[in-house]
1. Considering only residues that are free of Cβ contacts under 8 Å to residues at least 60 places away in the same chain, of a type outside the set (V, I, T) and buried (at least 18 other Cβ atoms within 10 Å of the Cβ), which ones fall in the range 84-106?
2. Sort out for me the strands (runs of 3 or more DSSP E) sitting completely within the range 130-175 that have 2 or more residues that are under 15 Å from V82 (Cβ atoms) and either at pLDDT 90 or above or among the β-branched types (V, I, T) (or both).
3. Go through K98, K17, K72 for me and flag whichever is on the phi < 0 side of the Ramachandran plot, at pLDDT 95 or above and not aliphatic (A, V, I, L, M).
4. Which of the following residues is assigned to a loop (DSSP other than H, G, I, E, B), over 28 Å from E153 (Cα atoms) and of a type in the set (K, R): K51, K99?
5. Return the only residue of V63, V22, V70, V44 being over 21 Å from L160 (Cβ atoms), touching a residue at least 12 places away in the same chain (Cβ under 8 Å) and assigned to a strand (DSSP E or B).
6. Could you list, ordered by first residue, the pairs with Cβ atoms under 9 Å in which the first is in the range 123-147 and under 12 Å from G159 (Cα atoms) and the second is assigned to a helix (DSSP H, G or I) and charged (D, E, K, R), at least 6 apart or interchain?
7. From the list Y6, Y28, which residue is over 13 Å from the mean Cα position of the chain (by Cα) and among the aromatic types (F, W, Y)?
Amino acid sequence: MMLIIYASLENALSFGKAVTSVCQEEKYLSNTTGYNEEETLDFVRNIIEKKHAQYYAIIKGVVVGWCDIVRKPQEFHSHIGVLGMGIIKDYRRQGIGKKLTLRTIEHAQKNGIEKIELEVFESNVVAKNFYERMGFKVEGIKKDGKKYKNQYENVIMMGLNTKFVSYSKTFYRLS
């Protein structure tokens, strides 16, 4: 049985291990090592204190995926949240990402987030297609926005107005 739960310090280290697992694949996130325990705990404390949206998918007591939306701190951008997510390899393509994303967007909207932004590497076609099914639209491209092992890759910038989320041509009102 899978649980979708709000971020907690109790599950923070398991979350950190999930992040590290996805980072070590060297394909999807912006670093390859993950974060140490102190950095992970600080991040989760900040999420909780500021009531940002972060949810974990937990199976048998282990975080197997996460989704978070963190509000931009600048005054003129404070209506915008930045989405980050990942699912451990063995748990992908099981609907976990959809459940996490919908719950996280709902939380963000209830806390005044009016727009959600994200970046996805151009080679990550599966993720780009997923975000499009969730209602995100391509807003731009950062040419050569990623450099890893002397190889450049474009980064696709996507956005979503949180009034509605599109999934399979059906609109779900979130509030």
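The values are calculated or read from the model by the stated rules, or taken from the named source; none is laboratory data. Computed from a predicted model, the values in this text were never measured in an experiment. Quick reminder, even Gly has a Cβ in these numbers, built from the backbone with ideal geometry, and neighbours come from all protein chains shown.
1. M85, G97, listed by residue number.
2. Correct list: 137-148, 151-161.
3. Just one listed residue meets the conditions, K17.
4. Going through K51, K99 in turn, the sole match is K51.
5. Checking each option against the conditions leaves just V63.
6. Every condition considered, the pairs that remain are M134/K98; F136/K128; V138/K128; V138/E132.
7. Step by step, each of Y6, Y28 is checked, and only Y6 is over 13 Å from the mean Cα position of the chain (by Cα) and among the aromatic types (F, W, Y).
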